[in-house]
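**Q** The structure's right below; bear with me while I get my questions together.
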Amino acid sequence: MEIKSTSTMTDQEIERLFKWREQVFPIEGKGIQWSKSERHILVYENGEAIAHMGFGRFSVVGSRASDVIGVGGVVVRPECQGRKIPELMFEYLAQTEELDACKLPKTLFCPKRLGPYYGKHGFQEYKEGFEFLQNDEYQSSKQFLLMAQGLADMTGKLKIASLPW
Ligand SMILES: CC(C)(COP(=O)(O)OP(=O)(O)OC[C@H]1O[C@@H](n2cnc3c(N)ncnc32)[C@H](O)[C@@H]1OP(=O)(O)O)[C@@H](O)C(=O)NCCC(=O)NCCS
């Protein structure tokens with residue numbers, strides 16, 4: 001297995017990773033505009049991409065302002081699931097200096113049912129609420145949890161002046 005990060009993905013990688021069934025990502029996210037990832041962590045096996053984790057740098061404001069790493073597009077090809085490959089990608093993210101990821105708090109959005117899964121990866125639900133931009137207006141959502149790692153000292157409703165990730 002090989003793991004690397006890149007700012008661009010080939011059409012073939014996008015097809016293999018994001019289009020292996022009609023609805024690959026949680027249905028709860030349909031209809032929401034999501035930010036594009038600045039960086040892509042890709043895992044390869046026998047020369048083929050088998051997993052992806054996108055990340056970017058974003059700003060949030062609660063009781064204080066903070067830059068955070070926003071993780072999105074976590075996916076493993078169905079035939080490779082159950083092998084703890086996301087753990088490798090989280091380890092890569094924790095160590096990389098790209099976008100200062102090694103130093104910044106990490107955040108992600110997920111449906112409720114995946115909260116315990118990301119809990120195992122060291123994330124905790126940010127329970128004080130959040131709102132993000134959609135068509136230049138702030139919107140909140142009960143469809144998703146905001147999971148965070150390294151934001152324990154933040155309080156108050158988080159304002160995210162961008163699309164979610
Ligand atoms: C979520 C996903 C990345 C997990 O990949 P994976 O390779 O199976 O992950 P792991 O090997 O680390 O973990 C498997 C564990 O996660 C659990 N799990 C996997 N998908 C799950 C889901 N949709 N809901 C709840 N639990 C899930 C499995 O039951 C298993 O539990 P265990 O550790 O107690 O045995 C993969 O299911 C996937 O690509 N799903 C489609 C895209 C998606 O939903 N991405 C998440 C967006 S927030």
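The values are calculated or read from the model by the stated rules, or taken from the named source; none is laboratory data. Here the structure is a predicted model, which is why all the values come from computation and not from measurement. Methodologically, a virtual Cβ is constructed for each residue, glycine included, from the backbone with ideal geometry; neighbour enumeration extends over all protein chains shown. For accessibility, only protein heavy atoms count, side chains too; no ligands or nucleic acids. Shrake-Rupley method; radii C 1.70, N 1.55, O 1.52, S 1.80 Å.
**Q** Which condition number does I3 fail, the rest of (1) more than 15 Å from T107 (Cα to Cα); (2) open to solvent by 30 Å² or more (accessible area, probe 1.4 Å); (3) not in a strand (DSSP E or B) being met?
**A** The single condition I3 does not satisfy is (3).
**Q** Of all residues in the stretch 6-57, which are among the aliphatic types (A, V, I, L, M) and either at pLDDT below 95 or loosely packed, with under 15 Cβ neighbours inside 10 Å (or both)? Lay out the reasoning, then the answer.
**A** Here is the first cut: in the stretch 6-57, the ones among the aliphatic types (A, V, I, L, M) are 9, 14, 17, 24, 27, 32, 41-43, 49-51, 53.
Residues satisfying the conditions are I14, V24, I27.
**Q** Now, a different point. Given the criteria touching a residue at least 12 places away in the same chain (Cβ under 8 Å), under 17 Å from L163 (Cα atoms) and in contact with a helix residue (DSSP H, G or I) (Cβ under 8 Å, 6 or more places away or on another chain), does V71 qualify?
**A** yes
**Q** Filtering the stretch 135-146 down to residues that are over 15 Å from V60 (Cα atoms) and surrounded by 13 or more Cβ atoms within 10 Å (Cβ to Cβ), which residue is farthest from the ligand (Cβ to nearest atom)?
**A** Checking each candidate, the answer is S141.
**Q** Restricting to the stretch 76-127, what's the tally of residues that are outside any helix (DSSP H, G or I), free of Cβ contacts under 8 Å to residues at least 60 places away in the same chain, more than 15 Å from G54 (Cα to Cα) and within 9 Å of the ligand (Cβ to nearest atom)?
**A** 5
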